[in-house]
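The values are calculated or read from the model by the stated rules, or taken from the named source; none is laboratory data. Just so you know, these numbers come straight off a predicted model, no measurement behind them. Positions of Cβ are generated from backbone atoms using ideal geometry, with glycine treated the same way; all protein chains shown enter the neighbour counts. Accessible surface is based on the protein model in full, side chains and every heavy atom, while ligands, DNA and RNA are left aside. Shrake-Rupley method; radii C 1.70, N 1.55, O 1.52, S 1.80 Å.
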Amino acid sequence: MSKNIRRASALVIGIVAIALVATLNVSRAQQTVSGSWKASVKDEPNKINLNLERREKGHRNQMGQTYDFSELQGLSREQAAGGGPVRYSLVREAGRIDCEGTFQNGTGSGTFQFTGNQAFVAAMKTRGFDFERKNWSDKDRDFEDRLFAATALNVTTALADDLASSGFGNLNVDDLFKAAIFKIDSKFMREMKASGFPNLTMEDLVKARIFKIDADF
């Protein structure tokens, strides 16, 4: 009888421990991170340059990118050019960035709140991309930084699946960021590999994009 009680108690403790870990992971990914933003309307139609900055643990994390206005829910070119208070959001698979502030003559600034998406983290982990594990090359970047960057750069599970389909080899979270920044997909990877360079690395592909080298070249 006592053995059964001990076994039952151990089982209950194990279940509680698993539940606590799951709860901690969810709350961690859903933790809200704040920062500031600056933006300016570009001369290109429907384009805006948006810089997001957050200061955390003595370092600065800054992301600057050009977006289509269609990517920013609640903000139009007319609002940015016309001026006044604004509230808008960048909603991506990895999380959402909710911004508020003001625009004047096409230039704006304000603050933002970032909330990560735990479902994205879990989905990426099943694909072999662990956003919670630090890689040697990004040892100074914490979990929230990686999730924040994935949101700003639009790193998605579709991108991970596409890269995996190329048969390029083992890829990590850093490689996802590089692929998103330099527009590297499975088609480009296969073409470069088939052009006579079977041992290319992700770094080689990044350099190829920088210097505008493709398979035809």
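Per-structure values
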read-out	value
Matching residues in the range 139-197 - criterion: being at positive phi and in contact (Cβ under 8 Å) with a residue 60 or more places away in the chain	ASN154
Residues located in the range 172-202, provided they are charged (D, E, K, R), outside any loop (DSSP other than H, G, I, E, B) and within 21 Å of ALA158 (Cα to Cα)	ASP174, ASP175, LYS178, LYS187, ARG190, GLU191
Flag for ASN117 being touching a strand residue (DSSP E or B) at 6+ places or on another chain (Cβ under 6 Å) and farther than 17 Å from ASN61 by Cα	yes
Subset tally (residues that are open to solvent by 30 Å² or more (accessible area, probe 1.4 Å) and either hydrophobic (A, V, I, L, M, F, W, C) or more than 22 Å from ASN117 (Cβ to Cβ) (or both)) for the range 37-56	12
Selection status of ASN61, crowded, with 18+ Cβ neighbours inside 10 Å and either aromatic (Phe, Trp, Tyr) or at pLDDT below 95 (or both)	yes
Scope the range 65-80; condition surrounded by fewer than 14 Cβ atoms within 10 Å (Cβ to Cβ) and over 24 Å from the mean Cα position of the chain (by Cα); matching residues	GLU78
Residue ranges of strands (runs of 3 or more DSSP E) in the range 51-133 with at least 2 members free of Cβ contacts under 8 Å to residues at least 40 places away in the same chain and polar (S, T, N, Q)	59-68, 95-104
Among residues of the range 168-187, those that are out of contact with any helix residue (DSSP H, G or I) (no Cβ under 8 Å at 6 or more places or on another chain) and among the small types (Gly, Ala, Ser), counted	1
When residues of the range 81-113 are limited to those that are touching a helix residue (DSSP H, G or I) at 6+ places or on another chain (Cβ under 9 Å) and either modelled with pLDDT under 95 or over 20 Å from LEU147 (Cα atoms) (or both), the one surrounded by the fewest Cβ atoms within 10 Å (Cβ to Cβ)	ASN105
Scope the range 167-217; condition among the β-branched types (Val, Ile, Thr) and either under 17 Å from PHE131 (Cβ atoms) or open to solvent by 20 Å² or more (accessible area, probe 1.4 Å) (or both); matching residues	VAL173, ILE181, THR201, ILE210, ILE213
Single residue of GLU100, GLU71 found to be touching a Leu at 6+ places or on another chain (Cβ under 7 Å) and either within 29 Å of ALA164 (Cβ to Cβ) or not hydrophobic (A, V, I, L, M, F, W, C) (or both)	GLU71
Those residues of the range 140-156 which are part of a helix (DSSP H, G or I), open to solvent by 20 Å² or more (accessible area, probe 1.4 Å) and touching a helix residue (DSSP H, G or I) at 6+ places or on another chain (Cβ under 8 Å), in sequence order	LEU153
Verdict on ALA164 being under 30 Å from CYS99 (Cα atoms), out of contact with any Ser or Thr (no Cβ under 7 Å at 6 or more places or on another chain) and open to solvent by 60 Å² or more (accessible area, probe 1.4 Å)	no
